[in-house]
Amino acid sequence: VLKSRQLKRYGLDASGTLRVVDRGLDALEGRRRADGSFPPGGGRTALGQTGLALLPFLADGESSRTGERPSRVVAHGIAWLRAQLFDADATMRAEAPVPELGMALRALSEDYMLSYGHLAPGEAARRATELDALAHVLGQAQREDGSFPGSDTDVRAAVWPMWGLQAAVHTGAIDVPEEVPLRFRAWYADADREQPTVAAAGLLLYRELGAAFLPEARRQATRLLAAADASEADPFLALTAGTGLLLHDGESFRTWNEELGERLLDALDARGMVRRGDEVGDTALHLLALQAAYRSY
């Protein structure tokens, strides 16, 4: 009921959207492997793909301790991520591309928040230690100029680690060194903010950018995205721009979705998977964009 109310509030087809999301989650569930992970694809390893694939389930309220899906997709996926990333003493043991570690941190943090009241104190403490260890690795990966490996050519390489760190801080279980957002602000100030993906990143990560980003830069980014051709948005831009606009300007979010919503729905076939692109990763991104109106960030 709450999901429908939020979707209708922004002029979206509530029943149709929820049916498509549910079908997409069913389709993703069918792609997971016996060990709880998802197969590599879209240039991502199994670790990044699993972290990304879990996010739309978490957005729909599933967690490793709660949810209605009897197969417990999130529980098995989170267990697999933790086993891949951490040793018995909760120290990091896996190496992976920085964006993929950001995806994993986002998934682990959201699950921690959704599951917290159902975790025994010892497990909650262990998971908090794991989040801190992974956040530390991401902080260490940031360059002095605030960028991350790969972000020189693809802004997504900076968005994923920072979005993961944002979620980890939001749990209340860890703190991130002050220099991490400070360096990120410096990098963003030098980035081409006329690019829609960069503008969307600013709206999505406005907390990390701090007061200097507001209010004029926020208004500029909102105007740029509102004027952009949403029908040309790739799934990552659809997710970041839609979420960013929702956080700052409900009317701009409504306008964006009036143009984009039907295209997102049509991009998924009768199985619930994307018609083109990586079936797991791109389907997850499409679902996250459709869930933006009712997902908690």
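The values are calculated or read from the model by the stated rules, or taken from the named source; none is laboratory data. The structure presented is a predicted model; accordingly, all values stated were derived computationally and were not measured. Cβ sites come from the backbone with ideal geometry, for glycine too, and all protein chains shown count toward neighbours. Heads up: the accessible areas ignore ligands, DNA and RNA and are worked out on the full protein's heavy atoms, side chains in. Shrake-Rupley method; radii C 1.70, N 1.55, O 1.52, S 1.80 Å.
Odds and ends about this structure:
- Evaluation of residue 15 against (1) more than 18 Å from the chain's Cα centre (by Cα); (2) open to solvent by less than 50 Å² (accessible area, probe 1.4 Å); (3) not aromatic (Phe, Trp, Tyr) (one fails), failing number: (2)
- Helices (runs of 4 or more DSSP H) completely within region 1-92 that count 1 or more residues being at pLDDT 95 or above: 14-31, 46-59, 73-85
- Residues located in region 235-272, provided they are in a loop (DSSP other than H, G, I, E, B), open to solvent by 30 Å² or more (accessible area, probe 1.4 Å) and at pLDDT 85 or above: 270, 271
- Among residues of region 56-77 being among the small types (Gly, Ala, Ser) and on the phi > 0 side of the Ramachandran plot, the one that is most open to solvent (accessible area, probe 1.4 Å) is 67.
- Odd one out for residue 293 among (1) small (Gly, Ala, Ser); (2) more than 22 Å from residue 60 (Cα to Cα); (3) within 20 Å of the chain's Cα centre (by Cα): (2)
- Those residues of region 183-206 which are open to solvent by less than 30 Å² (accessible area, probe 1.4 Å), part of a helix (DSSP H, G or I) and out of contact with any His (no Cβ under 8 Å at 6 or more places or on another chain), in sequence order: 184, 188, 198, 199, 200, 201, 202, 204
- Of 168, 189, 201, all but one fail to be in contact with a helix residue (DSSP H, G or I) (Cβ under 9 Å, 6 or more places away or on another chain) and farther than 26 Å from residue 252 by Cα; the exception is 168.
- Residue selection: residue 288 fails the criterion of being open to solvent by less than 60 Å² (accessible area, probe 1.4 Å), touching a strand residue (DSSP E or B) at 6+ places or on another chain (Cβ under 8 Å) and touching a residue at least 60 places away in the same chain (Cβ under 8 Å).
- Tally, over region 64-113, of residues that are farther than 23 Å from residue 172 by Cα and among the basic types (Lys, Arg): 3
- Residues in region 207-223 that are at pLDDT 85 or above and open to solvent by less than 50 Å² (accessible area, probe 1.4 Å) were compared, and the one that is nearest to residue 163 (Cα to Cα) is 208.
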